[in-house]
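Just so it is clear, none of the values below were taken in a lab; they were calculated from the coordinates. Everything quoted here is computed from the prediction, not taken from an experiment. Every residue, glycine among them, receives a Cβ derived from its backbone with ideal geometry; neighbour counts consider all protein chains shown.
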Amino acid sequence: MLKGGTLLFACLLALLSAIGIAEFYRMALPERKLELFLAALAGSALIFIPLAGNDRLILSGIGLLFILFSLLFLFRVSSIDTAANEVAFALLAFIYIPFLLMHLVLLRQTHYGTEWLFVIMLIVMTNDSAAYYAGSAFGKHRLYQLVSPKKSIEGAVGGLIGSLGGTILAKATFFPQLSLVDVVATALVVGMVGQAGDLFESLLKRSFGVKDSGTIIPGHGGVLDRMDSILFAAPITYYYVLFFFRG
């Protein structure tokens, strides 16, 4: 998919966005079946806006969705006591999933875009693996007990070391254009933001009273469970490339 062109890549992300929105609605707004369907379609369409090459269309698309779904909930009130919460959740779904995910399309369109996508995946995967093993072996101090009781400070530090190893591997193999500053900055910043993305999804799940966002991936939960770190890492990486990368 990464080698198959931006359009094909956007199609994959649109599918993931639709599934992710559906999972979010089932957790936050389980009674809103029509809204779930419409949100999944609209969120998928949002992914393709960067292909038009006009950044103002992104703001226009988000603004239009805000208005349309505000009107939809305005005239489909189920309970006045929960109306504000329902609207907030509905609009959060668009910002949290397709808007953040859209940055992967923007990143794919940059110079060395494919390489940067692989860097994100390496950072996230090495972070997750190293955090798990470091936390299992050395974890004694809880990172954020209220949100994720099993995560430890030692695991988080181990994850960042793993991210550093991932970016070093990227520079040594397929991305020699990375400078030493790029390697360290992306490993630490994107690594930390990715961990925050994982914690944020844990916050949502605990608030909604669910263990996993879905069951589409046997033994691993839903699409959001797999994308939580990438959702936060994508915009940070894109803006780093846009403003700081000189490769």
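Tabulated data for the structure shown
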read-out: Lysine pairs within the stretch 114-241, Cα separation less than 21 Å, 8 or more sequence positions apart or different chains; value: 6
read-out: Under Karplus coefficients 6.51, -1.76 and 1.60, residue-wise ³J(HN,Hα) of the stretch 5-18 in Hz, glycine/proline x; value: x, 5, 5, 4, 5, 5, 4, 4, 5, 4, 5, 5, 5, 4
read-out: Whole-number percent relative contact order across the chain, with pairs defined as alpha carbons under 8 Å at least 6 apart; value: 20
read-out: Computed log₁₀ I(q)/I(0) - Debye formula, equal Cα scatterers, no solvent, the stretch 112-247, q 0.14, 0.20 Å⁻¹; value: -0.64, -1.14
read-out: Difference of contour (0.36 nm per residue) and Cα-Cα distance, residue 129 to residue 56; value: 22.4 nm
read-out: Alpha carbon convex hull of the stretch 92-151, projected area averaged over orientations, nm²; value: 5.6
read-out: Net charge, residue 50 excluded, C-beta distance under 13 Å - Lys, Arg +1, Asp, Glu -1; value: +1
read-out: Check: the chain dipole with +1 on Lys, Arg Cβ and -1 on Asp, Glu Cβ, in debye; value: 160
read-out: Dipole in debye (nearest 20) - the stretch 26-169, about Cα centre, beta carbon charges: Lys, Arg +1; Asp, Glu -1; value: 200
read-out: Computed E for residue 11/residue 153 - FRET, C-beta separation, R0 35 angstrom, nearest 0.05; value: 0.30
read-out: Under the Karplus curve 6.51 cos²θ - 1.76 cosθ + 1.60, θ = phi - 60°, whole-Hz ³J(HN,Hα) for the stretch 43-56, x wherever Gly or Pro sits; value: x, 5, 5, 4, 4, 7, 4, x, 5, 6, x, 10, 4, 5
read-out: All-pairs Cα distance distribution in the chain, expressed in whole percent, bin size 5 Å; value: 1, 6, 13, 16, 17, 16, 13, 9, 5, 2, 1, 0
read-out: The stretch 112-247: relative contact order in percent, alpha carbon pairs under 8 Å with at least 6 residues between; value: 23
read-out: Trypsin sites (Lys or Arg not before Pro), loop per DSSP, at most 14 other Cβ atoms within 10 Å - longest free stretch of the chain; value: 4-75
read-out: Selection from 173, 36, 123, by position along the positive dipole direction of the chain (Cβ); value: 173
read-out: Local electrostatic count, residue 229, Cβ distance below 11 Å [Lys/Arg +1, Asp/Glu -1]; value: -4
read-out: Positive dipole terminus of the stretch 1-109, leading residue within 100, 79, 50 (C-beta point charges); value: 50
read-out: Computed helical MRE - 222 nm, the chain, DSSP H runs ≥ 4 contributing -39500 (n - 2.57), nearest 500; value: -23000 deg cm²/dmol
read-out: Over the stretch 184-247, volume per residue of the alpha carbon convex hull, in Å³; value: 90
read-out: Neighbour net charge for residue 213 - beta-carbon separation under 11 angstrom, K R +1, D E -1; value: -1
read-out: Per-residue HN-Hα couplings for the stretch 139-152 [Karplus 6.51, -1.76, 1.60; θ = phi - 60°; Hz; x = Gly/Pro]; value: x, 10, 10, 5, 6, 7, 3, 5, 9, 9, x, 7, 7, 10
